[in-house]
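The values are calculated or read from the model by the stated rules, or taken from the named source; none is laboratory data. Please read all numbers here as calculations on a predicted model, not as lab measurements. Cβ sites come from the backbone with ideal geometry, for glycine too, and all protein chains shown count toward neighbours.
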Amino acid sequence: MAWLEEKTVAANVPPAKELWQVCPRCGAYVPKAEWNAASPVCPRCNYHGRMKARARIALLADEGSFTELYTEVSYSDHLSFHDATGAYKEKVEATIKKMGEGESVTIGTATMDKIPVMLGAMDFFFMGGSLGTGTGERICRACEQAIAERRPLVLCSASGGARMHEGILSLMQMARTSAAIGKLKAAGLPFISILTDPTTGGVSASYAMLGDVNVTEPGVLIGFAGRRVIENTIHQKLPDDFQTAEYLKAHGFIDKIVERKDLKAFVVKTLHYMGF
């Protein structure tokens with residue numbers, strides 16, 4: 001019975017979180033490899049998970065065509081803002097260090113099926129994709145360069161709204177970016193707005209809804225104020241699908257709902273239709 005006295009060796013089994021992704025919608029356990037291969041979309045219920053900005057860009061741009069711009073533009077802390085949890089500057093610097101990104105939007109030049117475009121994507125993982133002064137400045141510069149180089153603008157939004165740490169300077173970006181989009185359209189160049197999960201607050205109330213074509217993925221949360229705020233204000237129960245992509249399309253706010261795997265092809269087809 002010597003085998004009973006031998007020391008056991010812990011099995012080298014990876015933690016469950018490294019093997020499985022739990023779908024936030026249906027609760028299904030999906031192998032991480034399968035989840036990531038689908039970029040990431042649940043194969044059981046078709047839930048479209050959130051993506052980082054660079055993954056979005058890789059999904060849309062022709063391979064190797066993306067050249068990042070405006071990396072020198074970042075946040076501002078004119079208010080020296082502090083709250084109960086600490087200083088804004090410390091929080092945003094920690095986020096920059098953790099993510100390796102200077103702002104909540106990544107923008108550059110690229111091609112999509114060989115069509116030259118200005119391409120950008122917001123990152124909800126960077127302080128909730130909030131619209132700060134740096135975010136607005138990058139988008140405005142993108143519009144200016146798009147006009148100068150005669151490129152369409154394709155921008156993926158993902159945001160919780162304005163970055164209140166920056167006060168009125170953040171709210172000003174709603175008007176600045178909207179005016180920049182207006183100049184782009186006046187120059188005869190299209191803006192394809194891709195609204196991803198979530199697109200809310202000041203971003204949904206400004207440039208995100210100003211596209212010549214507003215396109216989104218299935219089940220995306222799109223709105224301004226939250227459901228509970230609205231229900232408490234109007235003292236009415238809202239529909240279960242309120243603020244979903246499907247609800248907004250049914251009410252004329254969205255032009256098209258497109259599966260993630262078909263998104264690039266749809267944008268390319270739209271740009272061809274517009275003469276590019």
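Observations
- Listed here are the helices (runs of 4 or more DSSP H) enclosed by the range 17-106 that have at least 3 residues being assigned by TED's automatic domain parsing to the domain that holds Ala121 and basic (Lys, Arg): 88-99.
- Those residues of the range 91-130 which are surrounded by fewer than 22 Cβ atoms within 10 Å (Cβ to Cβ), closer than 30 Å to Phe276 by Cβ and of a type in the set (Asp, Glu), in sequence order: Glu101, Asp113
- Of the residues making up the range 66-90, those that are free of Cβ contacts under 8 Å to residues at least 60 places away in the same chain and surrounded by 17 or more Cβ atoms within 10 Å (Cβ to Cβ) number 1.
- Flag: Thr177 does not match the condition of being in contact with a helix residue (DSSP H, G or I) (Cβ under 7 Å, 6 or more places away or on another chain), within 18 Å of Leu221 (Cβ to Cβ), buried (at least 19 other Cβ atoms within 10 Å of the Cβ) and of a type in the set (Val, Ile, Thr).
- Residue identified as among the β-branched types (Val, Ile, Thr) and modelled with pLDDT under 95 among Ile230, Ile257: Ile230
- Glu63 under 26 Å from Leu271 (Cβ atoms), loosely packed, with under 15 Cβ neighbours inside 10 Å and free of Cβ contacts under 8 Å to residues at least 24 places away in the same chain: yes
- Pair list, Cβ under 6 Å, 6 or more apart: the range 207-221 residue in contact (Cβ under 8 Å) with a residue 40 or more places away in the chain, other residue surrounded by fewer than 19 Cβ atoms within 10 Å (Cβ to Cβ) and not in a loop (DSSP other than H, G, I, E, B): Tyr207/Ser178; Val215/Lys256; Thr216/Ile257; Pro218/Ile257
- Exclusive hit being over 18 Å from the mean Cα position of the chain (by Cα), among the charged types (D, E, K, R), part of a loop (DSSP other than H, G, I, E, B) and in the same structural domain as Leu221 (by TED's automatic domain parsing), set Arg151, Arg141: Arg151
- Among the residues making up the range 223-252, those that are within 28 Å of Ala38 (Cβ to Cβ), within 18 Å of the chain's Cα centre (by Cα) and in a loop (DSSP other than H, G, I, E, B) are Gly223, Gln243.
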